[in-house]
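The values are calculated or read from the model by the stated rules, or taken from the named source; none is laboratory data. All figures in this text were calculated on a predicted structure; none of them were measured in a lab. Quick reminder, even Gly has a Cβ in these numbers, built from the backbone with ideal geometry, and neighbours come from all protein chains shown.
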Amino acid sequence: MLNSFFGFEMGRRAMDYFRRGMETAGHNISNANVEGYSRQRVDASSSPPFTDPGLARPALPGQIGTGVQIDAIRRLRDLFLDSQYREEVCVKGYWDAVLNAVNQTEMYVNEPAGKGFQAAMNDFWAALQEVSKRPDNSATRESLVQNAKSVVVFLQQLNTNYDQYRTALNKEIRLKVDEANSLIDQIAQLNGVIEEIKGVGGNPNDLMDRRDLLVEKLSKIIDCTVGSPCIDEADGDFKVDLGGKLLVQGTEARHLVLVPVAGNQGFFDVQVEDNLFSHVSDPTVATAILEQKMPESVVSLNVNRLASETRWELGRGDAMLTVTDKDRALGLRGSFALQVSSSGVVRSSAAFPAAGGNPVGTVLIPPTGNASYRFRLSAGDFESMVSVTWDSVNSRWDITDNLGNSASTAGGFLNLSDLNSFFANYSAKVTSSLSTGGDQLTLSSVDRHLLSISDVQGNLGSLLGLTGSSPAVTIEVTEADSLVTIANKINSAYSSDLARKVPPELTTNPPGTPPETPEQWLRCLVEQDGTTGNYYLKLQSHLVGETYRINVLGGSDCGTGQGGSLYMARKLGFVNADDSTSVMTYSQDAYFVFEDKEYLSSTNAFKDARRLSASDLWSASMPTEVYKGLRLELKGVGATQIQSRHHVKGGELRGLLESRDDFLLTQMDWFDEIVFGLVTEFNSLHYSGHGSGDYINTTGIDFFVPVVGKYGASSNFALNQLLEIHSSLVAASSGDGAGHAQGAAGNSSGDGSVALKLAQLKQAKVLNGRSADFNAYYESFIAELGAVGQRASTMAKNQKALVDQINTQRQSVMGVNMDEEMMDIIKFQQAFNGIARYITTIDEMLDKIINGMGRVGL
């Protein structure tokens, strides 16, 4: 049966509940403005009634309530909204980082409102116009040099700012990783304290609020996910996960690690401890920059040959004249032709089916008189001068070369099979094969060097369809010419109005079509031997790479009209006594295999390389991206693997990594395109022009310092310092075809036509695959930067609105409402007063029973 003190226990529990309710409301009000705090509520229920059903149950008229009991003090949170908030705040962190990077670069560029690179370029073009009008005016030349220097300084500053900002972003990445690791450690430490409190029956609401706040801050930095026993974890551990890699499990923590990437200036990649990997398995073979857009993969790279990164240079042949005075007339008459050309690593001839009674593969038939053909076959440092001569006595064709090989045809017909047998002598360098039907000959470079076949005498190479398509230029030499005037003739010949072709029988190109692009141009310099003091001519290709091999073709000499003579080329040192090309410097392309695909590259550092495939007849003519988001620098011969894994795929860290490696590098690619186009196009025209005053007979001068390749060109952009010292070296006048300046008299500056052509480059479509001029291309860069900035601004704004909306919904659940808390205080206060009155009444009843009952007879 119930004892007389039953009511006291019921009252005590009630008073404890109401007191806890008021204390909890007070705690909520105290933390109303504390970040991450979630309001708490006392969960209560009726205590078990008296008594439980059973056979020994007292005979009472039903169960009697025993009052209230406190079940827990619970946080009010919505787990779904919490998860959604963490996801969206991660996205917001990413766009905030990207927007900051775009805003910073827009400040560097300072277009279109400020006076930046575009304004400097416009001043530069205007200064060129003035030089073309007044080529003899030293003030206009000096103004041009200073404006050119401004262009260089502006772009150098842009490039420097971008480099420095990449370094600043790298430092910020370090700080963010340190911050993330600190949060990870704090979360793991709180996990231990929370579990201890829970182990003794406590309810660490405030500590769990603090932990959730730390997780939210971590979510803004990286794209982590959270698991907890109240969500989906069976083992009871609170976990923080990053792409399947646990950062926190209970009290165990795994940190983010900064891994320097050698190919990316030592800038950091962010990886997870115990999951570290090397981006390149063998950095002695290659290093790499892995942009964030590069797919996660493991790719193979096999480097067979490095690029020399040099230009072709010819001269100093063993049969050249000894010249002690570069301005002395040489007393020579004749001509030679020059061509900058190469074919692919595999070259197939035209088809020669049976026709006119001739068998399949017939190339030449018996001539009516004498016939002689010579063509040069080259690949890398291998070269052969092949001669095909008609032997009228024996009615056969004799095939010889300058390497000592010889063969003869079995009859009066020269067949592809005869050439195929002869080329078998070159199997170490060049292999040959016939088609199944025997109507087509194919030559292949064993080492995958670019083949070059050029006619020296006659048109056999052209007839076979093996020669390159680049135009050739003929240079006529007269008795009055000196080394200087010959060099000027060569340089001036590449100005479009003076270019003259070899005779039609020596080339398949239409007569009078000049080489139109700098890739097909070259320049000639007069050099002096440091030992003997003798002067000689040096031919130099305009660009680096095997593609731009210089071929010396035959001309006529001594007025005989005999075509194919290399007499003049030997005298000038361009070929040796055995008619081999006198190469001073070879240019070699890098050859590598990436994911079973063959590539050539004229430089060792690149983003785009030239794919070797049958689609372009193995010419490797078009650069293409080797792999999305990958930039390579070849270091040595060998095999290696490149591994791409992005541990961080969201949040501020992802935004910082992407800004540093994707956005800024892509922006700098625009600068490289502008600089490479400006330097190559400008220098090519400037080489052909004459200076003024004391330099009226000087050609072949660089205006800008030449760059090796497009990739990284903006880092090496510079004006030729000689022009700063002597502005008279500015080549404003074109040549007259005789080695002198056009229209020059005395020390005047000529006609200014080259300066006009240079000024016209402003409207010339020379960039982006010859689809845009300089101004249009730079305006496209500004437009793209603006579009990226607008997109980042819009996304950051939209994401902030979304995060704010979700947070508003969260606060409706977890936020402290002052009015509601005050109502709870009043409610619990009134209830407390009521239960206090109840206890007082029980006390009075017991007092009456104890002190007033049982006293009889008094």
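To keep it simple, each residue is scored yes or no on (1) under 18 Å from residue 662 (Cβ atoms); (2) hydrophobic (A, V, I, L, M, F, W, C); (3) in a helix (DSSP H, G or I); (4) in contact with a helix residue (DSSP H, G or I) (Cβ under 8 Å, 6 or more places away or on another chain).
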site: 143; (1), (2), (3), (4): no, no, yes, yes
site: 152; (1), (2), (3), (4): no, yes, yes, no
site: 155; (1), (2), (3), (4): no, yes, yes, yes
site: 162; (1), (2), (3), (4): yes, no, yes, yes
site: 180; (1), (2), (3), (4): no, yes, yes, yes
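Would it be correct to say that residue 293 is farther than 30 Å from residue 529 by Cα, within 21 Å of the chain's Cα centre (by Cα), of a type in the set (Lys, Arg) and surrounded by fewer than 17 Cβ atoms within 10 Å (Cβ to Cβ)?
Against the criterion (farther than 30 Å from residue 529 by Cα, within 21 Å of the chain's Cα centre (by Cα), of a type in the set (Lys, Arg) and surrounded by fewer than 17 Cβ atoms within 10 Å (Cβ to Cβ)), residue 293 qualifies.
Any idea how many residues of segment 771-808 are under 21 Å from residue 78 (Cα atoms), of a type in the set (S, T, N, Q) and surrounded by 15 or more Cβ atoms within 10 Å (Cβ to Cβ)?
Adding up the residues that qualify gives 2.
Residue by residue, here is whether (1) in contact with a Lys or Arg (Cβ under 9 Å, 6 or more places away or on another chain); (2) within 21 Å of residue 268 (Cβ to Cβ); (3) buried (at least 19 other Cβ atoms within 10 Å of the Cβ) holds:
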| site | (1), (2), (3) |
| --- | --- |
| 147 | no, no, yes |
| 153 | no, no, no |
| 158 | no, no, yes |
| 190 | yes, no, yes |
| 195 | no, no, no |
| 204 | yes, no, no |
| 223 | yes, yes, yes |
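Identify the residue in segment 436-445 that is touching a residue at least 60 places away in the same chain (Cβ under 8 Å), out of contact with any Phe, Trp or Tyr (no Cβ under 6 Å at 6 or more places or on another chain) and assigned to a loop (DSSP other than H, G, I, E, B) and, among all such residues, is surrounded by the fewest Cβ atoms within 10 Å (Cβ to Cβ).
Ranking the candidates gives 437 first.
Mind checking whether some residue in segment 826-834 is in contact with a helix residue (DSSP H, G or I) (Cβ under 6 Å, 6 or more places away or on another chain), part of a helix (DSSP H, G or I) and among the small types (Gly, Ala, Ser)? Full working, then the answer.
First pass over segment 826-834, keeping only residues in contact with a helix residue (DSSP H, G or I) (Cβ under 6 Å, 6 or more places away or on another chain): 828, 831-832.
Checking which are part of a helix (DSSP H, G or I) leaves us with 828, 831-832.
Still in the list and also among the small types (Gly, Ala, Ser): 831.
The answer is yes; a qualifying residue exists.
Would you be able to say whether some residue in segment 578-590 is at pLDDT 95 or above, assigned to a strand (DSSP E or B), within 16 Å of residue 305 (Cβ to Cβ) and touching a strand residue (DSSP E or B) at 6+ places or on another chain (Cβ under 9 Å)?
yes
Identify, by number, the condition in (1) in contact with a Pro (Cβ under 8 Å, 6 or more places away or on another chain); (2) touching a residue at least 60 places away in the same chain (Cβ under 8 Å) that residue 412 doesn't meet.
Condition not satisfied by residue 412: (2).
Do the conditions hold for residue 540, that is, is it over 30 Å from residue 681 (Cα atoms) and either at pLDDT 95 or above or assigned to a strand (DSSP E or B) (or both)? Give the steps one after another, and end with the answer.
Numbers: over 30 Å from residue 681 (Cα atoms): no; either at pLDDT 95 or above or assigned to a strand (DSSP E or B) (or both): yes.
It is false that residue 540 is over 30 Å from residue 681 (Cα atoms) and either at pLDDT 95 or above or assigned to a strand (DSSP E or B) (or both).
For segment 821-837, indicate whether the set of residues that are out of contact with any Lys or Arg (no Cβ under 8 Å at 6 or more places or on another chain), touching a residue at least 40 places away in the same chain (Cβ under 8 Å) and of a type in the set (Gly, Ala, Ser) is non-empty.
yes
Which count do you get for residues in segment 1-49 that are of a type outside the set (A, V, I, L, M), surrounded by 15 or more Cβ atoms within 10 Å (Cβ to Cβ), part of a strand (DSSP E or B) and without any contact (Cβ under 8 Å) to a residue 60 or more places away in the chain?
1
In the set 433, 421, 378, which member is in a strand (DSSP E or B), without any contact (Cβ under 8 Å) to a residue 24 or more places away in the chain and not assigned by TED's automatic domain parsing to the domain that holds residue 477?
433
Of these, 769, 789, which one is of a type outside the set (Val, Ile, Thr) and at pLDDT below 90?
769
Which of the residues that make up segment 607-642 are among the β-branched types (Val, Ile, Thr), part of a loop (DSSP other than H, G, I, E, B) and within 21 Å of the chain's Cα centre (by Cα)?
Hit for segment 607-642 is 626, nothing else.
Please go through segment 643-683 and pick out each residue that is of a type in the set (Ser, Thr, Tyr) and either in a helix (DSSP H, G or I) or without any contact (Cβ under 8 Å) to a residue 60 or more places away in the chain (or both).
659, 666, 680
Is it the case that segment 599-606 has a residue that's within 40 Å of the chain's Cα centre (by Cα), modelled with pLDDT of 95 or more and within 20 Å of residue 338 (Cα to Cα)?
no
Looking at segment 258-288, which of the residues that are surrounded by fewer than 20 Cβ atoms within 10 Å (Cβ to Cβ) and of a type in the set (Asp, Glu) is nearest to residue 656 (Cα to Cα)?
So, considering only residues that are surrounded by fewer than 20 Cβ atoms within 10 Å (Cβ to Cβ) and of a type in the set (Asp, Glu), the one nearest to residue 656 (Cα to Cα) is 273.
For residue 846, are the conditions met, namely being touching a Ser or Thr at 6+ places or on another chain (Cβ under 7 Å), at negative phi and surrounded by fewer than 16 Cβ atoms within 10 Å (Cβ to Cβ)?
Yes, satisfied.
Can you tell me which of 329, 319, 350 is assigned by TED's automatic domain parsing to the domain that holds residue 380, surrounded by fewer than 21 Cβ atoms within 10 Å (Cβ to Cβ) and not basic (Lys, Arg)? Lay out the reasoning, then the answer.
Working: 329 fails: assigned by TED's automatic domain parsing to the domain that holds residue 380; 319 fails: assigned by TED's automatic domain parsing to the domain that holds residue 380.
The unique qualifying residue is 350.
Please indicate, with yes or no, whether at least one residue in segment 200-217 is in contact with a helix residue (DSSP H, G or I) (Cβ under 7 Å, 6 or more places away or on another chain) and assigned to a loop (DSSP other than H, G, I, E, B).
yes
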